[in-house]
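*Asks:* So that we are looking at the same thing, I have put the structure below in structure tokens.
The values are calculated or read from the model by the stated rules, or taken from the named source; none is laboratory data. None of the values given here were measured: they were computed from a predicted structure. So basically every Cβ, Gly included, is an ideal-geometry build from the backbone, and we count neighbours across all protein chains shown.
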Amino acid sequence: MKSSNNYQLLGEQNEINETIVQSLSEKESCLGTTTVKKEFRDDVALLRALAILAVLGYHFWPKIFTLGFIGVDVFFVISGFLMMQMLEISSSNRPDRGTEDLPLLHSWSLGVEMQFYLIAPFLFYISKIESNISK
């Protein structure tokens, strides 16, 4: 009796799971999104492994691996490469929203950077003045 109830509960759970998967796929088709097939790239994995070995070699044997810190730069390049691939895939899946009329749309990061370069030195200068006054 108990085992038949368990099988019945499992069957109901499977039906619920199938319903959820079906509703998600319907929502994806309504939104026009497609699932992205993730492909493992051996060349990127090799570069990651070399970068890790370079950084570890630099940490354990700095006299032998004097340029091991370049592994960090390799990681930055790999990250940028993978992010650009993801952006290309996501932008190709999105419909055009007419952003060509907004030429400065992506320059907000430059504005944030300029605010930092203008505000941070001013704050450091004020903190230096306050430390000289307290002496």
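*Asks:* For the range 37-49, give me each residue that is in contact with a helix residue (DSSP H, G or I) (Cβ under 7 Å, 6 or more places away or on another chain) and aliphatic (A, V, I, L, M).
*Replies:* Within the range 37-49, V44, L47 qualify.
*Asks:* State all residues of the range 34-77 that are more than 24 Å from the chain's Cα centre (by Cα), modelled with pLDDT under 90 and either aromatic (F, W, Y) or within 20 Å of I89 (Cβ to Cβ) (or both); if no residue qualifies, say none.
*Replies:* Selection gives F65 alone.
*Asks:* Answer with yes or no whether S25 is surrounded by 10 or more Cβ atoms within 10 Å (Cβ to Cβ), among the small types (G, A, S) and modelled with pLDDT of 60 or more.
*Replies:* no
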